[in-house]
1. Suppose a student asked you for the relative contact order of the chain, using Cα pairs under 8 Å spaced at least 6 residues apart; what percent would you report?
2. Ordered by residue, what ³J(HN,Hα) values in Hz, to whole numbers, does region 313-328 give under the Karplus form 6.51 cos²θ - 1.76 cosθ + 1.60, where θ = phi - 60° and Gly and Pro are x?
3. When the scattering of region 264-318 is computed by the Debye formula from its Cα atoms alone, each counted once and equally, what is log10 I(q)/I(0) at q = 0.24, 0.28, 0.30 Å⁻¹?
4. Per 20 Å bin, what is the whole-percent P(r) computed from every C-alpha pair distance within the chain?
5. Could you give the nm distance between label points at Lys301 and Trp100, where each point is 7 Å from its Cα heading toward the beta carbon?
6. With θ taken as phi - 60° and the coefficients 6.51, -1.76 and 1.60, list the Karplus ³J(HN,Hα) couplings across region 157-165 in order, rounded to whole Hz; mark glycine and proline as x.
7. Run lengths n ≥ 4 of DSSP H only: what is the helix-derived mean residue ellipticity at 222 nm for the chain, with -39500 (n - 2.57) per run over all residues, to the nearest 500?
8. Residue farthest toward the positive end of the dipole of region 268-309, with Cβ of Lys/Arg at +1 and Asp/Glu at -1: which of Val300, Val277, Asn290?
Amino acid sequence: MIQRVLVLGSGSAGLIAALSLKIKIPQLEVSIVRDPALGVIGVGEGTTPNFVTHLFDYLGIQRKRFYALAEPTWKLGIRFLWGPRGRFDYTFSPQMDLVWGDLPKPNGFYCDEEFSNVDLPAALMREGKAFARTPQGGPDIQPWHAFHMENEKLVSTLEQIAVESGVEFIDGAVTGAERGPQGIAAVNLADGRRLDADFFVDASGFRSELLGKVLEEPYESFNKTLFCDRAVIGGWERTDEPILPYTTSETMDHGWSWQIEHEHHINRGYVYCSDMVSDDEAAEEFRRKNPKAPDSPRIVKFRSGCYRRMWVDNVVAVGNSGGFVEPLEATALMIVCAYSRTLTDFLIHSELEPTDSFRNLFNEQTANNWREIRDFLGLHYKLNSAGTTPFWRRCQEETDLSGIKDLLEFYRENGPTGFCRYRMPSSLSDFGIEGYLVMLVGNKAPYERRHQPSPAEKQIWERHRAFNVARAQQGVDVKESLAYVHHPGWRWNGDRQG
Ligand SMILES: Cc1cc2nc3c(=O)[nH]c(=O)nc-3n(C[C@H](O)[C@H](O)[C@H](O)COP(=O)(O)OP(=O)(O)OC[C@H]3O[C@@H](n4cnc5c(N)ncnc54)[C@H](O)[C@@H]3O)c2cc1C
């Protein structure tokens with residue numbers, strides 16, 4: 001029976017895994033070993049709504065406390081400066097997978113000419129507002145939001161909560177591990193200490209100390225679908241720029257660029273393909289676009305792919321140690337939360353003696369999940385006709401989307417109908433058919449069965465959009481919403497105490 005868990009790594013992945021295990025299974029002894037000399041990756045700023053529900057609803061962390069320490073701002077979705085429309089908004093609530101009761105066809109069939117203000121969050125994004133306004137005047141904070149957070153603030157917040165929850169921290173550099181009948185028996189530290197445990201979480205980031213190095217699990221590259229392998233990163237202190245309630249993803253010559261909004265800081269980065277451009281040229285293009293960015297932006301190298309299995313013997317990898325893809329959909333923290341929760345729930349249900357079938361199920365689900373993320377990101381590249389450089393031509397021609405070919409074929413014949421969901425490779429999808437339809441409609445992917453809306457339908461459609469716009473115009477922007485939630489008198493519904 002598992003009694004002692006050692007988590008290797010104290011980045012956001014190790015901390016979320018440790019907190020999930022300790023809070024949900026309090027009898028477990030959970031320790032984290034980390035090397036302060038290595039530090040954490042220091043990037044990873046955008047999330048998806050499951051991060052919010054994981055922290056507050058699943059783990060019961062108090063919102064008031066978290067907002068005070070981590071200082072998140074809100075993300076309603078992603079604005080893509082992408083495709084033939086030049087821009088479209090992907091929100092966290094259904095825009096495309098919806099049929100309004102007074103119209104015969106799903107929303108996507110009405111978006112040929114204009115794809116905007118289809119739901120309230122999209123209208124809020126257009127108006128630069130975070131939330132609609134309640135009758136009392138404050139922000140009506142709905143669950144369809146995620147966060148923007150500075151990585152180091154997030155890590156220090158989670159660390160503080162982990163200490164209070166009874167997680168033990170050990171400083172030291174892991175140099176190797178001893179094998180035992182269950183897999184790994186102990187890890188060795190540079191100073192000669194030996195740390196044993198029944199179960200290990202490898203959250204050592206790109207180093208993948210246990211799953212990759214000790215257990216030598218085979219690695220699967222995504223390089224047939226995702227061609228980028230580097231990022232230039234550099235932000236600046238906010239002056240008079242408004243705090244936007246969304247992440248911006250913008251087409252660049254050899255990849256794409258993000259803009260993430262913090263209260264006092266703007267975080268910019270350019271993900272590019274080093275086969276097509278040198279680091280210096282990429283940094284130059286980045287600086288041209290962002291004159292306020294530092295003169296020597298940081299370059300981060302990465303490879304896209306994942307280990308074949310996330311759970312081998314008594315080791316589970318969480319975070320960058322198990323796999324990585326670029327942050328085009330901010331999926332890293334999304335799957336850290338999802339895998340931490342699945343692991344915790346599997347341990348609870350197997351009464352801390354996980355069977356091979358639980359392990360196999362975990363590996364099957366996570367492998368499917370990685371493939372889905374690869375293909376969903378690949379679709380973004382394949383469809384982006386706004387890019388006309390050799391890099392983008394290569395994406396349009398060579399991106400391997402064989403994993404979702406049935407879905408794409410069904411769409412090509414039938415258009416943006418919710419029935420496309422039955423041609424998705426797996427019913428356990430993080431993006432749902434909504435995500436695929438937003439990408440296909442947003443990028444004007446061609447389809448055969450077009451619908452010609454009657455004048456009456458067009459009027460109804462415009463009335464719905466105008467209603468969203470009118471509500472959004474009365475909304476509360478990020479700055480005002482922050483002032484509300486940081487006010488001592490603000491009360492969060494759903495906080496377990498205080
Ligand atoms: C350019 C870029 C942009 C990104 N943007 C986003 C985003 O917008 N949204 C998102 O969700 N994610 C993003 N990510 C991913 C982000 O990095 C991860 O979500 C996240 O921060 C998890 O990191 P981690 O904990 O796995 O690794 P790390 O933060 O690298 O932590 C690794 C830990 O392991 C410890 N460690 C390693 N080796 C040893 C050793 N031998 N001995 C002891 N300790 C050791 C280190 O000390 C550290 O504590 C981005 C990543 C990159 C590269």
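The values are calculated or read from the model by the stated rules, or taken from the named source; none is laboratory data. Keep in mind the model is a prediction, meaning the values are calculated, not measured. Quick reminder, even Gly has a Cβ in these numbers, built from the backbone with ideal geometry, and neighbours come from all protein chains shown. With ligands, DNA and RNA removed, areas are computed over all heavy atoms of the protein, side chains included. Shrake-Rupley method; radii C 1.70, N 1.55, O 1.52, S 1.80 Å.
1. Numbers: 983 pairs, mean separation 121.3, N = 498.
Rounded, it is 24 percent for the chain.
2. Rounded to whole hertz, the list is 6, 9, 10, 10, 8, 10, x, 4, 5, x, x, 7, 10, 4, x, 4.
3. -0.96, -1.20, -1.31
4. Result returned by the calculation: 22, 55, 21, 1.
5. Rounded to a tenth, the inter-label distance reads 5.2 nm.
6. Values per residue, Gly and Pro as x: 5, 5, 4, 4, 5, 5, 4, 5, 8 Hz.
7. Taken over the chain, the calculation gives -10500 deg cm²/dmol.
8. Sorting the options by dipole projection puts first Val300.
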